[in-house]
1. When the label point is put 7 Å from the Cα of residue 699 along its Cα-to-beta-carbon vector, which residues of segment 635-670 have a backbone N closer than 17 Å?
2. Compare the peptides 497-504, 514-521 by average per-residue count of other Cβ atoms within 10 angstrom and give them in order, highest first.
3. Pick out, from 436, 191, 305, the residue whose Cα sits farthest towards the positive end of the charge dipole of the chain, with +1 on the Cβ of Lys and Arg and -1 on the Cβ of Asp and Glu.
4. Any idea how far apart residue 413 and residue 765 come out in nm if each label point goes 7 Å out from Cα toward Cβ?
5. What accessible area per residue comes out for segment 607-658, rounded to a whole number of Å², with a 1.4 Å probe?
6. Determine the dipole magnitude for the chain: charges of +1 sit on the beta-carbon of Lys and Arg, -1 on that of Asp and Glu, nothing else is charged, the reference point is the Cα centre, and the result goes in debye to the nearest 20.
7. With the full set of protein chains in place, find how many percent of the accessible area of the chain is carbon and sulfur; take the probe as 1.4 Å.
8. Return the FRET efficiency for the residue pair residue 13, residue 550: r is the Cβ-Cβ distance, R0 is 25 Å, and the value is rounded to the nearest 0.05.
Amino acid sequence: MAELIFALLALALFFALAMNRASFRTWAIAVAIYTLAVQITFGFPLWSFAGWLVAGLLYAGGLPSVKRNYVTAPVFRALKGAMPSISETEREALEAGTAGWDAELFSGRPDFAKLRRVAPITLTDEERAFLDGPTEELCRKLDDWQIRHDLHDIPEDIWQFVRENGFLGMLISKEHGGLGFSAQAQSLVLGKISTKSPDACIIVMVPNSLGPGELIEEYGTAKQKAHYLPRLAKGDEIPCFALTGPFSGSDAASMRDVGVVTKGMHAGVETLGIKLTWDKRYITLAPKATLLGLAFRLVDPDNHLGQGEEVGITLALIPTDHPGVETGRRHLPTGAAFPNGPTRGRDVFIPLDWIIGGPERAGQGWRMLMNCLAAGRAVSLPATGAAAAKAVARHSTAYARVRKQFGLPIGFMEGVEEPLARLAENAYGLEAARAVTCSMVTAGEKPAVISALLKYLSTARMRQSVNDGLDIHGGRGICDGPSNYLQSAYQMVPVGITVEGANILTRSLIAFAQGALRSHPYLLSEIEALNDEDTEQGIERFETIFDDHRAFLLSNATGALFHNLTFGTFATAPLDSGEMKRWWKQLSRASRSFALVADMTVALLGGGLKTKQKITGRMADALAELYLLSSILKRFQDDGRQWADRKLVDYCARNCLARFDAALRGVLDNFPVRWAAWIIAPLVLPFGVRRPASDKDAKTIVRQALQPGAFRDRLTRDIYTPDSPDEPLGLLEVALEKTIANEDAEKKLERAIRKGEVQRFHDRDWIKQAEEKGVLTPKEARDLAELRDLVARVIAVDDFAPDELARKSQTGPSHTTSNQHIAAE
């Protein structure tokens with residue numbers, strides 16, 4: 001019995017020391033005390049003296065000279081050159097933004113208090129009034145079919161409305177004539193507009209995201225701010241920002257657009273300036289813009305600026321009517337109506353003070369862009385992704401309750417129930433992630449890693465939601481026309497997937513590959529020490545970091561094994577987490593596993609990390625699920641722990657953890673260093689992957705979502721929801737209310753039809769027949785007749801005369817390719 005007690009004590013001692021990141025000296029003392037206790041108890045057995053040897057080695061390993069000569073220096077030499085290198089543009093991207101909750105997840109021991117300190121959705125009275133007032137009015141004014149089909153453009157009266165009401169200056173401070181809205185408010189405004197017309201949303205989104213307005217506000221000279229910001233805020237200037245070119249898409253840093261510092265004539269005076277040649281495409285608002293923000297590579301062969309010949313990527317402001325600026329014809333991205341097109345110029349001379357921030361900011365363009373993108377990418381596209389998920393969930397649940405097949409609402413059929421459950425999950429989860437991230441940005445954070453994660457996550461789930469919505473609507477969804485409320489979202493999905501870093505790139509190269517360097521507590525500092533040209537200084541810097549990293553790795557390895565074997569029972573959770581305590585514990589447990597696999601991935605793949613993009617993509621997926629679950633649990637808390645939402649939160653949590661395990665399983669199954677995968681797999685997945693939520697759980701939340709009420713309204717909050725039956729979406733809402741109100745009468749009618757008492761055919765009024773036979777009361781008959789007409793309008797599809805759809809005849813070439821001019825040069 002004593003032997004068993006000491007064996008268990010040894011095991012407990014090992015896990016306690018390892019999980020709490022004990023130093024060599026602490027380990028040595030603990031082993032010595034344990035060995036002494038064994039010898040006193042068992043009479044100094046011979047094998048017990050091995051304990052003193054281990055204690056001695058551990059103590060010696062903690063001595064600075066021994067540790068440096070026999071541990072730190074050999075490891076330093078082994079890793080030097082093996083770890084991933086960091087280019088200058090990568091370094092600028094890594095230095096941009098801030099690390100926050102992402103760093104907690106990478107740590108393996110997240111401090112939940114930090115997450116819960118992030119403010120819930122908070123709007124000022126002015127912001128709420130704007131969302132409920134001008135934004136609602138704009139949505140009512142928008143005719144999506146006219147915009148994307150009849151005009152293929154944004155009408156001038158809409159442009160005028162957004163100008164007059166300050167929509168183009170939400171991001172610009174009040175000091176400079178803008179609205180000075182928070183990121184939270186901007187996000188909600190953009191999301192609401194997008195649920196009526198994605199094209200109209202884009203003309204508001206672009207001036208309020210990465211572009212001249214934000215860059216001038218953040219980096220502009222006093223003169224640039226005074227001149228441009230009031231004009232941008234009022235819409236007197238329409239901005240665009242040109243970054244992408246034919247040969248530099250996702251690899252924007254390799255741009256061939258060039259500016260040469262030289263003397264030239266400007267306003268009749270010879271001055272030092274820049275001679276620019278550029279060729280950009282995919283530039284949103286370019287066809288309408290009056291002010292061009294341009295990114296280019298600046299060279300200074302005569303060293304006028306004192307920075308050498310290669311100055312670096314630089315940003316400038318150029319009026320589009322400046323001599324030599326050529327605005328090309330329009331692109332047609334997925335047939336959308338928002339203005340988008342190329343811009344180019346050859347040997348265009350501009351003065352140096354047109355550089356954003358003035359000549360002092362020459363060569364700092366990439367850092368400026370990455371710093372703004374770190375926050376901006378968290379606002380615009382996640383806003384539209386979450387809004388689309390909420391809108392499709394609301395419209396599809398209403399349609400699935402109103403539309404009947406085989407004598408019952410299609411939402412009651414398990415085949416339809418499955419995508420409806422996904423819609424509810426995506427609506428709740430994406431809104432949760434959007435809200436918490438915007439609160440971070442509003443508080444001054446610039447969450448570079450989280451913004452990249454959220455961009456690809458929200459747009460990918462948006463695509464899933466739109467596809468599910470179309471599946472549920474069937475023919476009603478694919479027949480386009482003025483009454484179709486899904487096609488504009490479907491048309492715009494690929495745009496969201498592609499812009500601000502294509503999802504394939506963001507997932508496989510940025511979210512984890514750069515995220516690990518940015519958010520890992522030790523990795524970036526270790527790489528910098530390994531790359532130190534002074535080897536002795538590098539070893540000195542590396543020593544402390546590596547010692548902490550060693551303890552960190554052992555802590556996560558033992559912590560992962562312990563918490564996975566005990567199913568997270570002893571993992572940490574907020575004290576007041578109530579009914580969600582188990583999910584907070586599971587989040588803590590999963591963070592341990594993620595931190596361990598992330599450490600293994602970076603350490604063993606080293607410089608090959610960038611080429612193992614399937615591995616890094618799956619690690620990004622795992623991190624995304626942890627962030628999504630974090631956001632969902634925080635939302636439940638912020639929403640006041642609504643009892644009706646509890647089942648949905650459980651459903652989301654189970655699926656997040658199942659997808660997280662599947663991502664780690666994919667990493668381990670395909671990890672190129674097989675011995676490491678064999679060691680790590682039992683630590684992080686000792687019982688295999690967790691199962692997703694059950695069909696029973698899905699049925700419960702779908703039945704809730706099919707009913708009008710507080711649950712459905714919370715799930716789909718802050719989208720455009722008209723109540724007039726004259727609008728397709730308002731008609732859908734009215735029909736749903738009437739369907740629920742007349743549910744009992746419909747059941748009576750259905751029973752009579754099944755019995756053959758009433759015949760439901762187009763050649764007769766079956767409701768009147770039911771009234772005549774006493775199946776329905778006169779009031780029930782009137783109400784069902786009204787409902788029948790409403791449902792007929794809900795499920796109706798548009799049709800057109802052939803000449804309405806015919807393309808107008810044209811003379812001459814109707815299009816060119818965006819780089820035909822290149823071939824001609």
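The values are calculated or read from the model by the stated rules, or taken from the named source; none is laboratory data. This is a predicted model, so every value here is computed, not measured. Note that we place each Cβ from the backbone using ideal geometry, even for glycine, and neighbour counts take in every protein chain shown. Calculation scope for accessible area: heavy atoms of the full protein, side chains included, ligands and nucleic acids excluded. Shrake-Rupley method; radii C 1.70, N 1.55, O 1.52, S 1.80 Å.
1. Only 647-648, 651 pass the distance filter.
2. Per-residue Cβ counts within 10 Å, averaged per peptide and sorted highest first, yield 514-521, 497-504.
3. 436
4. Here the answer is 3.1 nm between the modelled labels.
5. I get 31 Å² per residue for segment 607-658.
6. Dipole about the Cα centre, nearest 20: 2460 debye.
7. 56 percent
8. Using R0 = 25 Å, I get an efficiency of 0.85.
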